[in-house]
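One structure is given below, encoded as structure tokens.
Values quoted throughout were computed directly from the atomic coordinates according to the rules given, and no laboratory measurement underlies them. Because the structure is predicted, anything quoted here is derived from the model rather than measured. For neighbour counting, all protein chains shown are included, and Cβ atoms are generated from backbone atoms with ideal geometry for every residue, glycine included.
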Amino acid sequence: MVDAGRRTQDGPVPISGLPERGRVLCHGFIESVTYVPAMQVAAFTATVVDHDRPARTTPAPTAQHGRLRVIWLGRRRVPGIDPGTEVQLDGMLAVRDGVPTMFNPRYEILSRQENS
């Protein structure tokens, strides 16, 4: 039995395989980032998906399957966290507004998309 989605035999779980809650180690690609205005409380948000470029022939993942919201509280920016970046995340998973969400996870940047 896998430890509550913590990791598979081969390593971190994919975003589409996340459990509903608990501590997880997962892997994915930054799809988008959100910056908040200076007047609001500092929080940097990223959306993480399984693939950096989803195939156009497959349907878009639902909010609950294939996407993870990651929020770093108290930060307006996290260096290296940009769209296309491959990351590994380790943290507590919860559901917020129907979307799997991690707050202030440990992260490792695995690769970055080249800019031409």
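Descriptive notes on the structure:
- Fully extending the segment from Arg112 to Arg23, taken as 0.36 nm per residue of separation minus the present Cα-Cα distance, adds 29.5 nm.
- Cα-projected label distance for Asn104 with Val33, points at 7 Å along beta-carbon direction, nm: 2.0 nm
- Remark: the Ala43-Gln88 segment gains 14.2 nm on full extension, using 0.36 nm per residue and subtracting the alpha carbon distance.
- 3J(HN,Hα) along the range 82-93, derived from phi through the Karplus expression 6.51 cos²θ - 1.76 cosθ + 1.60 where θ = phi - 60°, amounts to 9, x, x, 6, 8, 9, 10, 10, 9, x, 8, 9 Hz, with x in place of Gly and Pro.
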